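Here the structure comes first, spelled out in structure tokens, and everything after it is commentary.
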Amino acid sequence: MKFFVDTANLAQIKEAHDLGILDGVTTNPSLMAKEGIKGEAAINQHYKTICEMVNGDISAEVLSTDFESIIKEGQQLAALHPNIVVKVPMIKDGIKAIKWFTDHKIRTNCTLIFSAGQAILAAKAGATYVSPFIGRIDDSSWDGMELIAQMRQIFDVQGYSTEILAASIRSGLHIVKAAELGADVCTCPLDSILALLKHPLTDIGLAKFLEDAKKM
Ligand code: G3P
């Protein structure tokens, strides 16, 4: 399973990258706004900076919702760097745009996926990635991981090459379950990645080893 970090914060991207296990970055308008990135020039520069920091796929989301504008915006984003993946929302014009991008060799990430039906449409349109929002499904009292399992089964049965990108990750357990169920990618807040490091028995065991090492 590939690890992406789900943030537009450069310090967090650097910290995740420095771990040596980072395969890419996902952003969205909320994450960009959180970093105070405003205006087209600043947005484009931020994406370029991320692309220079991480040698992997970098999702950059379109802000348009009609077909023509999504195409124009997506082409501009894709031209910023070869590693840019155009993130497109799961709407009717979004699916049409994903098919257009597929036909024109521009890679896409279909975002805001909450059902298997939506995932099937995105895969049929040729999306490179589909992003089911696990945490937000859990928030609505459904089990987000059930969707990952269902999508994995459908994609395998149907032979879809679209990668399942588990998004809206909220914990280390989400990452472990996504891996267990066969997600191709997990995009995570830095805290959730770092949570995987932690086990109290590791801390206790290391303290004992270091103590005993003084007697060596
Ligand atoms: O990648 C999508 C993700 O950023 C959404 O996460 O925590 O806002 O539901 P969250």
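The values are calculated or read from the model by the stated rules, or taken from the named source; none is laboratory data. Everything numeric here is computed off the predicted structure, so don't read it as measured data. Note that each Cβ is placed from the backbone with ideal geometry, even for glycine, and that neighbours are counted across all protein chains shown. Protein only, heavy atoms only, side chains kept; ligands, DNA and RNA dropped before computing areas. Shrake-Rupley method; radii C 1.70, N 1.55, O 1.52, S 1.80 Å.
Brief remarks on what is shown
- Proximity of backbone amide H atoms, modeled 1.01 Å from N, is registered between I113 and S131, F133 at under 5 Å, excluding neighbours fewer than 5 places apart on the same chain.
- Long-range HN-HN contacts of V25 with modeled amide H, under 5 Å: V5, D57, I58, S59
- The convex hull around the C-alpha trace of the chain, projected and averaged over every direction, spans 14.0 square nanometres.
- Loop-located trypsin sites (Lys or Arg not before Pro) across the range 158-216 with a Cβ neighbour count of 12 or fewer within 10 Å are K198, K214, K215, with loop assigned by DSSP.
- Entries in K38/K198; K2/K124; K48/K99 that, when Cα-Cα distance is taken, lie over 30 Å: K38/K198
- Computed with a 1.4 Å probe over protein heavy atoms only, the accessible surface of the range 158-216 comes to 61 Å² per residue.
- Over the range 40-151, volume per residue of the alpha carbon convex hull, in Å³: 110
- With the largest listed first and rounded to whole Å, the semi-axes of the equivalent ellipsoid of the range 144-203 from the Cα gyration tensor are 26, 11, 9.
- Loop-resident sites, the range 1-83, for trypsin sites (Lys or Arg not before Pro), counting at most 13 other Cβ within 10 Å (DSSP): K38
- Taken per residue, the accessible surface of the range 1-59 reaches 49 Å², heavy atoms only and a 1.4 Å probe.
- Sequence of E211, E35, E52 from largest to smallest accessible area, 1.4 Å probe: E52, E211, E35
- Solvent-accessible area, 1.4 Å probe, carbon plus sulfur percent, for the range 50-179: 53
- Distance from the range 164-181 to the range 87-130 (C-alpha centre basis), Å: 21
- Given a 1.4 Å probe and the protein chains as shown, S192 ends up with an accessible area of around 10 Å².
- Once C-alpha pairs closer than 8 Å and six or more residues apart are averaged by separation and normalised to the residue number of the chain, the relative contact order reads 17 percent.
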